[in-house]
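Input: a single structure, listed below in structure tokens.
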Amino acid sequence: MIRPLLCLLLTLFIGGCAVKRPAAPFTMQEIAPFLKEAPSPLSQSERSRFYADFLQKRYTPWQVKEVNATAASASWAVRYYATKELYGENRRPLLKTRWRTWVKNADYTALNSVRRRAVTVHPANLRLFPSDRPIFFNPALAGEGYPFDYNQNSAVKAFTPLIVSHLSADGGWAFVQTPFALGWLKLRDIAFVTPKQIELVMKMPMVTVVKEGAPIYDGAQNFLFYAKMATLFPLEREEDGFYRILVPKKEGEQVRFEESLLPVAWAKPMPLSMDPANIGLVADNLLAEPYGWGGVAMDRDCSAMIRDFFAPFGIWLPRNSKAQAETGEVISLKGLSTAQKERTITEKGVPFRTLVHLPGHIMLYVGTLKGQVYVMHNLWGVRTKEGGRYIIAEGVISRLDLGRNLQGVDEEALLIERIDSMNVVIPPAL
């Protein structure tokens, strides 16, 4: 029998109508007009092939013997930021004593001295240095300051496989390899797993959360955390309108898996079919979500939005925009006029399967409207003359000339002027 609290939550979350705030000028947040351009879904064999690759990459930290890095490569941020003028959260230059404490605490001489598998027990921040404190470049400059915390490497979802290299000198942080990046997690955010637990999870089917911010509870209905869209959980079975899943809880330093219930309206078995209904469902949960550099405040930046769009369909993408732009069939757009760029995207791009790249930014091609190319992306803003910004800071759908009609915009900095490549991540089904 389904517990009363979960029934009440299901009623509250599904019974109400979600109302999106108005989009920024020259942007939209409705995916529906483009769904008719979605290609035919992948065949079952293609879905299985992509999903097998997805799972292999997801479980890599549980299958390697140690973190795949040398002390020199793991500590790259120490050398990089040592040459920069850094600021703290008080908008003043970062104290050198604080910086030296972080570097000493990282203790990269202990790399791979632990070599234990683990899992995140709730959403967590992957940091470049073992500290919650931010690093900013000059916050007086446009496009700097919050949310551009350069100590933030990525947000890590709950139930993410890890391998721990070593602990910080003070014992409060773990240097880990996630499936997509290296960095520091608080020790309290992770729990160690046994070989039997790994074997159990890797054999189980998975469900993906398709509701942004779904509340997750343990077996006794105690709140654990809010799950981002594209968070994965092992699935035991479906019953009475709920999925019975496993959730992680920490006991000492070890993890304990508990059974929990997740409404079927908030999740779907992996991998989803890439049909218009599911594309619309996933996109709707990404649009209008706030911008967060590197996952600051558990929000998404451009590349995180792209990863979370493809993940529910069982398609793996790297974490950063440059690597994402090198996935699949890459087509250069360098040296083309703006008209030639749009024509090439229209002729060679496949809606919802093609990425459009410019230095530092990545977008999903969703189709055309009234002869214009449209993309879905999460961006901070549009550059204005004299180095300012027109702030957008959320997931939107826009044309590639976004901002052209804004007063004071720097037209040379428009997206269409700076895009340099497109890449078809997966080909259309035959």
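The values are calculated or read from the model by the stated rules, or taken from the named source; none is laboratory data. Please read all numbers here as calculations on a predicted model, not as lab measurements. Methodologically, a virtual Cβ is constructed for each residue, glycine included, from the backbone with ideal geometry; neighbour enumeration extends over all protein chains shown.
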Residues in the stretch 215-236 that are in contact with a Gly (Cβ under 6 Å, 6 or more places away or on another chain) and over 19 Å from Glu289 (Cβ atoms): how many?
-> 0
Starting from residues that are of a type in the set (Lys, Arg) and at pLDDT 95 or above, keep the ones in the stretch 85-97 and report whichever is surrounded by the most Cβ atoms within 10 Å (Cβ to Cβ).
-> Arg91
Residue check, Glu66 charged (D, E, K, R), in the same structural domain as Gly183 (by TED's automatic domain parsing) and farther than 24 Å from Asp170 by Cβ = no
If we ask which residues in the stretch 255-277 are crowded, with 19+ Cβ neighbours inside 10 Å and assigned to a helix (DSSP H, G or I), their number turns out to be 1
Mind counting the residues in the stretch 98-111 that are assigned to a helix (DSSP H, G or I) and either crowded, with 16+ Cβ neighbours inside 10 Å or touching a residue at least 40 places away in the same chain (Cβ under 8 Å) (or both)?
-> 9
How about the stretch 233-243: which of its residues are buried (at least 16 other Cβ atoms within 10 Å of the Cβ) and over 16 Å from Gln197 (Cα atoms)?
-> Phe242, Tyr243
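Give the residue that is nearest to Met229 (Cα to Cα), with candidates limited to residues of the stretch 313-354 that are in a loop (DSSP other than H, G, I, E, B) and among the basic types (Lys, Arg).
Arg319
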Only one of these conditions is not met by Tyr146: (1) closer than 25 Å to Glu238 by Cα; (2) in contact with a Phe, Trp or Tyr (Cβ under 8 Å, 6 or more places away or on another chain); (3) hydroxyl-bearing (Ser, Thr, Tyr). Which number is it?
-> (1)
